[in-house]
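A.B. asks: First, the structure itself, so that you have it in front of you.
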Amino acid sequence: LHSQFVELSLDENGKDCIMAMVENASKNPQAGARVTERLASESLRLSLDVYGCRVMQAAIAALPPECQRMLVAPLRGHVLQCAESQHANHVLQRAVEKMNPKHVDFFVHELQDHAVRMAKHSFGCRILQRFLEKGPISSISKIVDDIVENHATLAKDQYGNYVVQQILKYGRTQDITAIFATLVRDISDYGSHKFASNVVEKCFAKMIVLPEAPDYATAAIVIVPDPTKETPLDILSNSKYGNFVLVRALETCSPPKRRELRERLRLQPPEVQRNYSKQLMSAIEKD
């Protein structure tokens with residue numbers, strides 16, 4: 001069994017046996033060291049494999065820090081490849097979640113010049129989200145700087161929007177205010193966009209750095225900048241994505257702003273109200 005350790009890890013059924021061995025080895029330092037040595041000899045190969053990546057994730061989650069470091073060390077120089085791998089991205093995510101940030105700092109070093117590329121990648125965006133969740137932000141400042149610099153386009157990207165949402169949740173004050181200002185300044189455009197509307201909805205979350213964010217965003221919706229043109233409220237009312245933003249606004253803004261928005265929605269022409277979703281209609285009628 002030990003001589004076929006790696007091959008079994010790459011097997012659909014064999015991986016389960018190896019994962020059980022990993023779990024048992026986590027209770028015995030000597031056994032853990034032996035398991036780690038065998039896995040670390042083929043870390044990259046295992047990480048890139050559909051079954052091997054599961055063994056790697058289990059080992060990173062179960063084994064002690066010194067073993068974790070040995071397991072990920074062979075990935076040095078291959079982090080970008082792993083981040084864009086259907087399987088290895090899960091190994092990187094688990095390492096970010098379970099390991100001390102200083103022990104995966106080479107992940108950051110290898111990805112920091114590719115932040116926008118990662119944010120737009122279906123797998124790479126997940127790595128950035130795990131970094132933002134785990135923190136500290138100071139350890140990934142260059143990545144965050146690049147994301148914030150490109151947030152206007154990333155908010156409309158099918159994957160990038162998730163990374164921007166995480167910065168609104170975990171970012172620095174200057175990052176949050178910069179993104180918020182962009183979204184509110186053109187709330188009708190972002191709020192009616194398939195992907196960016198998800199980011200706009202985050203503007204109505206309670207943020208310590210912007211406690212009045214829901215009211216600021218609601219004010220941007222109800223404003224009438226030019227009576228001869230469509231207002232933000234008109235555009236959001238006619239958009240299925242904008243309807244979600246309006247519901248979120250009604251749920252989170254202050255009572256005075258809620259009354260103002262609710263009344264404006266009730267006064268919209270019948271042809272506009274026909275586009276209201278059931279959720280929006282319910283939110284309008286809610287006391």
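The values are calculated or read from the model by the stated rules, or taken from the named source; none is laboratory data. Remember, it's a predicted structure, so these values are computed and weren't measured experimentally. Glycine also receives a Cβ, built like all others from the backbone with ideal geometry; neighbour counts cover every protein chain displayed. Ligands, DNA and RNA are excluded from the accessible area calculation, which covers all protein heavy atoms including side chains. Shrake-Rupley method; radii C 1.70, N 1.55, O 1.52, S 1.80 Å.
A.B. asks: Would it be correct to say that K278 is of a type in the set (D, E, K, R) and at pLDDT 95 or above?
C.D. replies: For K278, the condition - of a type in the set (D, E, K, R) and at pLDDT 95 or above - is met.
A.B. asks: Now, a different point. Answer yes or no as to whether D157 is in contact (Cβ under 8 Å) with a residue 24 or more places away in the chain, open to solvent by 20 Å² or more (accessible area, probe 1.4 Å), farther than 15 Å from A217 by Cβ and among the acidic types (D, E).
C.D. replies: So D157 passes the test.
A.B. asks: Separate question: Of all residues in the stretch 153-181 being modelled with pLDDT under 95 and basic (K, R), which is farthest from the chain's Cα centre (by Cα)?
C.D. replies: R172
A.B. asks: Here's a follow-up. Could you give me the residue pairs with C-beta distances under 8 Å whose first residue belongs to the stretch 21-46 and is within 11 Å of V6 (Cβ to Cβ) and of a type in the set (G, A, S), whose second residue is open to solvent by less than 10 Å² (accessible area, probe 1.4 Å) and at pLDDT 95 or above wherever it lies, and which are 6+ apart or on separate chains?
C.D. replies: Pairs that qualify, where the first residue is within 11 Å of V6 (Cβ to Cβ) and of a type in the set (G, A, S) and the partner is open to solvent by less than 10 Å² (accessible area, probe 1.4 Å) and at pLDDT 95 or above, are A40/L71; S43/M56; S43/L71; S43/V72; S43/L75.
A.B. asks: Of A40, A59, A83, A20, which residue is of a type outside the set (D, E) and out of contact with any helix residue (DSSP H, G or I) (no Cβ under 8 Å at 6 or more places or on another chain)?
C.D. replies: Unique residue meeting the criteria: A20.
A.B. asks: Scan the helices (runs of 4 or more DSSP H) fully inside the stretch 20-94 and keep the ones with 2 or more residues being open to solvent by 20 Å² or more (accessible area, probe 1.4 Å), in contact with a Lys or Arg (Cβ under 8 Å, 6 or more places away or on another chain) and not hydroxyl-bearing (S, T, Y).
C.D. replies: So the answer is 52-62.
A.B. asks: Let me ask something else about it. Conditions: (1) in contact with a Ser or Thr (Cβ under 8 Å, 6 or more places away or on another chain); (2) of a type in the set (A, V, I, L, M, F, W, C); (3) closer than 30 Å to A25 by Cα. I127 meets all but one. Number of the miss?
C.D. replies: (1)
A.B. asks: Of all residues in the stretch 99-125, how many are surrounded by fewer than 17 Cβ atoms within 10 Å (Cβ to Cβ) and part of a helix (DSSP H, G or I)?
C.D. replies: Residues flagged as surrounded by fewer than 17 Cβ atoms within 10 Å (Cβ to Cβ) and part of a helix (DSSP H, G or I) within the stretch 99-125 amount to 9.
A.B. asks: For the stretch 5-16, which residues satisfy the criterion of being open to solvent by 60 Å² or more (accessible area, probe 1.4 Å) and part of a helix (DSSP H, G or I)?
C.D. replies: Answer for the stretch 5-16, where residues must be open to solvent by 60 Å² or more (accessible area, probe 1.4 Å) and part of a helix (DSSP H, G or I): E7, D16.
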